[in-house]
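S.K.: Once you've had a glance at the structure underneath, I'll fire off some questions.
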Amino acid sequence: MAVELHALTISGVTRETSDCSSFELSVPTGLAAQFQYRAGQHLTFSLPCEGAEISRCYSLSSCPELDEPMEIAVKRVEGGRASNWMNDRLRVGDSIRASVPQGRFVLDPDTRSGRPLFLFAGGSGITPIISLLKSALATTKRPISMLYANRDRESIIYGAQLDRLVASHPGRVELRHHLDCDRGHLRASDVRAMIHDADIAEFYLCGPEPFMELIERTLVASGAHEERIHIERFVSPADRERKGEAEIETFDAPEAFSLWLEGRSRTVPYIRGKTLLECAQAVGLRPAHSCQSGFCGSCMAHVKTGKVHMRTHEALSDKDVARGVTLLCQSVPAAAEPLEVDGDSTSFRAASAVRSSFGKRASQLAAGAVFAFMVAGTLILRLVH
Ligand SMILES: Cc1cc2nc3c(=O)[nH]c(=O)nc-3n(C[C@H](O)[C@H](O)[C@H](O)COP(=O)(O)OP(=O)(O)OC[C@H]3O[C@@H](n4cnc5c(N)ncnc54)[C@H](O)[C@@H]3O)c2cc1C
Ligand code: FES
């Protein structure tokens, strides 16, 4: 099933740096409800580059709680198709096709105070991070520390906006800029120097892969809990002409699999050749998803029992794969044994994990109550007779 796209209008273009522009997006009134979003989410765009339609994700840098116009910022990638096309071609008044907002790189709505929040951005990774920063400032009292790494001062995106946010929230944000031109690449000691209360804090990382690897490793070594380290990977899909021949899977598969969604387990018949996402959609379920190509991470789930094969998994690190994280849009069963997949709770997606564990507890309690009621009913009937 293709991603559903809607026409949005470019209502503003700002040159943020020599190689990055931001684009304000205007949503038709009739679609306002569908385009409600949470800080940290992204849109998947379909772009007409060089005669072909290509898909790319861009995170929203605006903040929903501040009623700002929806905005993305796109940094040129050397040799990149979409990022250069958007910077060169998009003008105010142009129409652009995008999916509704998706993504799990969001704040846990239950963490309103206390737990320190650490934000790490590198280069264009600032887009979801500044959205999270604005949202946390507007809706919580959490202490916030942020590190933003760039090549040099001229590469800093949203520099003036960051300065304004810090100045207008005295004592709330500790913002550090790291410039490679002054101090070389970020080191573990730079990360250690800024963190405190690692065992209770939450961390959000978005930037180049080596930057995030260094930070994640340092955080874990400093006592941070892996499930509180949230990572957004900015990757491109393999465009049609870059892909090889589609692989035909010849795995054994169970007749059906179990899928946890919104705190309930559903039995989904497996349709050979289809992904777990497609099978779930075929029975009317709506697991979160966006790109359907394995690069945005919106459809992450956790394999609890059984085996799956992923056709591609750019959105996941090797570590994610090793701990059983899977992408529903890319997974097919890889063995006949029973397969149980948790679409709510990937260990590092706090918001959905909270909902899901609550739902599961609720359904366990409900099941217990029904059982107790049946036992009591049987006893009463025996006594009556
Ligand atoms: C959830 C998410 C959110 C994102 N948010 C943002 C954001 O807010 N801002 C932002 O700027 N980016 C963001 N990105 C990244 C963005 O989606 C694109 O990946 C990025 O703009 C590069 O796309 P491109 O088409 O310009 O480059 P591509 O054409 O995909 O090229 C990428 C690299 O691959 C190389 N390449 C090109 N052709 C080939 C080939 N045939 N074989 C091998 N290599 C090749 C290019 O030279 C280039 O170095 C996000 C990504 C994700 C998944
Ligand atoms: S929907 Fe994007 S990775 Fe599955």
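S.K.: Among (1) without any contact (Cβ under 8 Å) to a residue 12 or more places away in the chain; (2) in contact with a strand residue (DSSP E or B) (Cβ under 6 Å, 6 or more places away or on another chain), where does Lys75 come up short?
M.R.: Failed condition: (1).
S.K.: With respect to Val283, determine if the residue is over 23 Å from Ile231 (Cα atoms), loosely packed, with under 14 Cβ neighbours inside 10 Å and hydrophobic (A, V, I, L, M, F, W, C).
M.R.: Working: over 23 Å from Ile231 (Cα atoms): yes; loosely packed, with under 14 Cβ neighbours inside 10 Å: yes; hydrophobic (A, V, I, L, M, F, W, C): yes.
Yes; evaluated as a whole, the condition is true for this residue.
Matching residues to (1) farther than 27 Å from Leu133 by Cα; (2) out of contact with any Leu (no Cβ under 9 Å at 6 or more places or on another chain); (3) within 16 Å of ligand 2 (Cβ to nearest atom):
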| position | (1), (2), (3) |
| --- | --- |
| Leu31 | no, no, no |
| Cys57 | no, no, yes |
| Cys63 | no, no, no |
| Ile72 | no, no, no |
| Arg76 | no, yes, no |
| Asp88 | yes, yes, no |
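S.K.: Residues to consider are Leu119, Leu90; find the one that is within 26 Å of Glu154 (Cβ to Cβ) and surrounded by fewer than 20 Cβ atoms within 10 Å (Cβ to Cβ).
M.R.: On the way: Leu119 fails: surrounded by fewer than 20 Cβ atoms within 10 Å (Cβ to Cβ).
None of the other options fit; the residue is Leu90.
S.K.: Determine whether Gly103 is modelled with pLDDT under 95, outside the structural domain of Gly12 (by TED's automatic domain parsing) and of a type in the set (Gly, Ala, Ser). Full working, then the answer.
M.R.: Numbers: modelled with pLDDT under 95: yes; outside the structural domain of Gly12 (by TED's automatic domain parsing): yes; of a type in the set (Gly, Ala, Ser): yes.
Yes; evaluated as a whole, the condition is true for this residue.
S.K.: Now for a different question. Determine, yes or no, whether Val106 is within 16 Å of ligand 2 (Cβ to nearest atom) and over 20 Å from Phe23 (Cβ atoms).
M.R.: Yes.
S.K.: Can you give me the ranges of the strands (runs of 3 or more DSSP E) entirely in segment 249-313 with at least 3 residues that are more than 21 Å from the chain's Cα centre (by Cα), farther than 20 Å from Arg233 by Cα and modelled with pLDDT of 90 or more? Outline the logic, then answer.
M.R.: Working: elements: 256-261, 264-269, 300-305, 308-310.
By residue number, 256-261, 264-269.
S.K.: Just name the residue that is nearest to the chain's Cα centre (by Cα) out of those in segment 193-215 that are under 12 Å from Ser145 (Cβ atoms) and part of a strand (DSSP E or B).
M.R.: Applying the first criterion (under 12 Å from Ser145 (Cβ atoms)) to segment 193-215 yields 193-198, 201-204.
Imposing the further condition that a residue be part of a strand (DSSP E or B) reduces the set to 202-204.
Values: Glu202: 15, Phe203: 14, Tyr204: 11 Å.
Once the filter is applied, the top-ranked residue is Tyr204.
S.K.: List the strands (runs of 3 or more DSSP E) that sit entirely inside segment 33-110 and contain at least 3 residues that are more than 7 Å from ligand 1 (Cβ to nearest atom) and touching a Ser or Thr at 6+ places or on another chain (Cβ under 7 Å). Spell out how you get there, then give the answer.
M.R.: Numbers: elements: 42-49, 52-59, 70-75, 95-98.
Here the list reads 42-49, 95-98.
S.K.: Please enumerate the residues belonging to segment 2-52 that are in contact with a strand residue (DSSP E or B) (Cβ under 7 Å, 6 or more places away or on another chain) and surrounded by fewer than 14 Cβ atoms within 10 Å (Cβ to Cβ).
M.R.: Ala7, Gly12, Thr14, Arg15, Leu31
S.K.: Moving to a separate point now. Hey, among Ser55, Ser26, which residue is among the hydroxyl-bearing types (Ser, Thr, Tyr) and without any contact (Cβ under 8 Å) to a residue 60 or more places away in the chain? Even if it seems obvious, please write down each step before you answer.
M.R.: On the way: Ser55 fails: without any contact (Cβ under 8 Å) to a residue 60 or more places away in the chain.
After ruling out the rest, the residue left standing is Ser26.
S.K.: Next question. Restricted to segment 1-32, and to residues that are aliphatic (A, V, I, L, M) and more than 16 Å from ligand 1 (Cβ to nearest atom), which residue is modelled with the lowest pLDDT?
M.R.: Keep residues of segment 1-32 that are aliphatic (A, V, I, L, M), which gives 1-3, 5, 7-8, 10, 13, 25, 27, 31-32.
Subset that is more than 16 Å from ligand 1 (Cβ to nearest atom): 1-2, 7, 27, 31-32.
Working: Met1: 53, Ala2: 62, Ala7: 97, Val27: 97, Leu31: 96, Ala32: 95.
Taking the candidates together, the pick is Met1.
S.K.: Please go through (1) under 21 Å from Val106 (Cα atoms); (2) within 16 Å of ligand 1 (Cβ to nearest atom); (3) at pLDDT 90 or above for Ser317 and return the number of the only condition it doesn't satisfy.
M.R.: (3)
S.K.: Mind checking which residues of segment 216-239 are surrounded by fewer than 21 Cβ atoms within 10 Å (Cβ to Cβ) and either in a helix (DSSP H, G or I) or over 16 Å from the mean Cα position of the chain (by Cα) (or both)?
M.R.: If the condition is that a residue be surrounded by fewer than 21 Cβ atoms within 10 Å (Cβ to Cβ) and either in a helix (DSSP H, G or I) or over 16 Å from the mean Cα position of the chain (by Cα) (or both), then Glu216, Arg217, Thr218, Val220, Ala221, Ser222, Gly223, His225, Glu226, Glu227, Ala238, Asp239 are the ones that fit.
S.K.: Is it the case that Ser168 is modelled with pLDDT of 95 or more, under 23 Å from Pro64 (Cβ atoms) and surrounded by fewer than 17 Cβ atoms within 10 Å (Cβ to Cβ)? Steps first, answer last, please.
M.R.: Numbers: modelled with pLDDT of 95 or more: yes; under 23 Å from Pro64 (Cβ atoms): yes; surrounded by fewer than 17 Cβ atoms within 10 Å (Cβ to Cβ): yes.
It is true that Ser168 is modelled with pLDDT of 95 or more, under 23 Å from Pro64 (Cβ atoms) and surrounded by fewer than 17 Cβ atoms within 10 Å (Cβ to Cβ).
S.K.: Would you mention how many residues in segment 261-296 are within 16 Å of ligand 2 (Cβ to nearest atom) and not hydrophobic (A, V, I, L, M, F, W, C)?
M.R.: 11
The values are calculated or read from the model by the stated rules, or taken from the named source; none is laboratory data. Computed from a prediction, not measured in an experiment: that's the story for all the values here. With ideal geometry, Cβ positions are generated from the backbone for all residues, glycine too; neighbour counts draw on all protein chains shown.
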